[in-house]
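The values are calculated or read from the model by the stated rules, or taken from the named source; none is laboratory data. Given the structure is predicted, the values throughout are model-derived calculations rather than measurements. Don't worry about glycine lacking a Cβ; one is built from the backbone with ideal geometry, like all the others, and counts go over all protein chains shown. Quick note on the areas: whole protein, heavy atoms, side chains included, nothing else; ligands and nucleic acids left out. Shrake-Rupley method; radii C 1.70, N 1.55, O 1.52, S 1.80 Å.
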Amino acid sequence: MSQNPQSSSKLQFRIEAENPGTAARAACFETSHGEVKTPIFMPVGTQATVKGQSVDSLRTVGSRVLLANTYHLMLRPGTDVFLKVGGIHRFMNWDGPVLTDSGGFQIFSLPHRREMNEEGARFRSYVDGEMHMLSPEESIRIQKCIGSDIMMVLDQCISSTASFAEAKAAMELTHRWAVRSLEAADGRGDGGPRKAALFAIVQGACFHELRRRSADFLTQLPFNGFAIGGLAVGESRAEREEFTEATAALLPKNFPRYLMGVGTPIDILEAVHRGVDMFDCIIPTCFAQRGVAFTSHGKIQFRRTVYKFLEEPVDASCICNTCKNYSRAYIHHLVKCEELLGWQLLATHNLTFYHRLMSEIRTSILEGYFLDYYQTRRKELIRSDEDNPIVPPNIRQRPSQNLGNYEIYRAHAALEKSNASLGRAGGRGAEQSQLLARIRQISSGEIMHSVPDPMDESNRLYVEQSRLVHQLVQTPTNLGATPLVIWDVGLGAASNAMAAVLCFERLYSDSGPSSNLRPLQILSFERDLDSLTLATKYTKHFPHLRHPAPHNLLAHGNWKHESGLLQWNLYKGCFLETFKSATSPDIIFYDPFSSKTDSPLWTAETFSDLFKYCNKNAPAKKVELYTYSGSTAVRAALLHAGFFVARGVSIGLKSETTVAFSPGEAGEGLLGSEWLQRWERSGAKFPIDVVEAEARSKFEEKIRGHFQFGHPRE
Ligand SMILES: [Zn+2]
């Protein structure tokens, strides 16, 4: 890291919090129009207006700093207007800070002819056809006239895919211009305000050597902040992330870092993780114009007719005026008619989404749980951007402990804190454990039992809900019964199976060797044993594995309790291929990875096969299935298969889990007509294997006619 002899005293930049394992930081700084808290997103107000937004609306959605554009504003209205009215703040009635772009990027992207030379850029105005010269000095003069709080140096922005020689020449010119900009900023001789800060722009395209040289050169000069320029102009997302990370690491800590022109919500989250503080992008307003909204469940394209009748808001978890007052159906209508109000309402929503994201990121850094927030949020944001895959950052907390596709993942106790502060279940145990270890699948990023206490989840969701104690104690009705069979689908680190084993052992030791317990068989299904193998090496993090059972299961594929009453067997391989050779179950702990990672296990076809196999001896033998998923599509798939479906207990971040069982009498928490109505309106009502229109209509018919909703059985 370069050591700048200067401090950013003009901005009084102060880091408020950093989190280990990430370059993210929360900071604040002062401008002549007030304090700025970072990480921050700055809406783009190219023409001294953020498209479709009044300044009142901008304040309401949470905008703090606006970006204005030197190139556009020099051409229209022109500097004389700003000189007359006294700057952009008074001109547009905005009292917050304004950052002005130097015009370098616009000249780079000019469709018309332009000439670059040592002095500056010559180009023809799109307004009146006049020739203009934009030099570093002229750019600073104009930014002063505009009354900017943060000015940018003029740089030569080239394509990020440029050759080394081309990139090097542009970088060197940018450096000479940076020196001239500094001199111009400190000089006198025009009438504009002089309190503005000045940021340099690190160039160097996609060459580490050039990025390093550029950062070395610029950070020796008395700038007040540093921008990472020349990205989001042609490189791949992986390259963008690589060079953002590398360049941010070259910049001094005690100055703001600004990634220009980036990006989507996931781009921003990734860049904060890599140490960036400031962002601007036209995406929230530009996507609004195209009828696209960012929501907590991904992007929504409002042109689609599926929204025609939906009375719910754009995003039920959003607090913006659009979501408070208008339905999806109305927004769909406005977008279809290309009404300006549709654009405006969606821009209001999208800006709120961006500012809320930034504020959540900032809070998570201040409160020490950014990494956990990042992990969780990243998955949601990737989902909304599936056409644009993402490479995880190289930043590692500590040397990882891996086996195959699994690693030990350490979550700080702050995970609980975040859950507790969000008013979610699972705050318990936060004080006892400083560092919680989990198994994480590397390829998907999914963490097994990503709740404060995995055994607590296993007990509440699987052992207690299935009333295992009750089922194991011999009563006159189950006396002499065949063994109780539990299918443990997705063995993972064996916390569910061990919860059942430990439950059995407690009962056994309470009642003594002469106990009259019903025999228990646990059949665990797992494709990849690396996760359990890995966890058994670190039993200090996984205390439930300090037991001979899982070690024997790994070594021999089975384990038997000394009483002979409990037997545990392993079925290795894909569950779909192995389950039909297993004794049919009484209870299923259904705990594979999510439908995104392990999709074949969540299809309508799989649940139908499962239902048929498990209920082949019905009504003599009934089955109960417990799963952590509360998803509408999963519940519909279970209903479609023939199960009765009820709400399960809430665990950790999940407000509801699901219980499915063989058809019978009404049970507790059974989904009723209210759920059916919600399902009818849901945008995710079908499992992934129900695609064709005909299959969908048959599927719908079956759900609507389900015996559970009061229809007579066929
Ligand atoms: Zn909203």
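Total residues in the stretch 528-544 satisfying the condition of being open to solvent by less than 10 Å² (accessible area, probe 1.4 Å) and farther than 12 Å from residue 437 by Cβ: the figure is 2.
A quick yes/no check of all residues on (1) free of Cβ contacts under 8 Å to residues at least 40 places away in the same chain; (2) of a type outside the set (A, V, I, L, M, F, W, C); (3) at positive phi:
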{"position": "106", "(1), (2), (3)": "yes, yes, no"}
{"position": "116", "(1), (2), (3)": "no, no, no"}
{"position": "139", "(1), (2), (3)": "no, yes, no"}
{"position": "149", "(1), (2), (3)": "no, yes, no"}
{"position": "168", "(1), (2), (3)": "no, yes, no"}
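Among all positions in the stretch 281-304, there is at least one residue which is among the hydroxyl-bearing types (Ser, Thr, Tyr) and closer than 30 Å to residue 106 by Cβ. For the stretch 498-608, which helices (runs of 4 or more DSSP H) that fit wholly inside it have 3 or more residues that are free of Cβ contacts under 8 Å to residues at least 40 places away in the same chain? So the answer is 548-556. Looking across the stretch 553-562 at every residue that is open to solvent by 40 Å² or more (accessible area, probe 1.4 Å) and touching a Phe, Trp or Tyr at 6+ places or on another chain (Cβ under 8 Å), the one that is nearest to residue 612 (Cα to Cα) is identified as 558.
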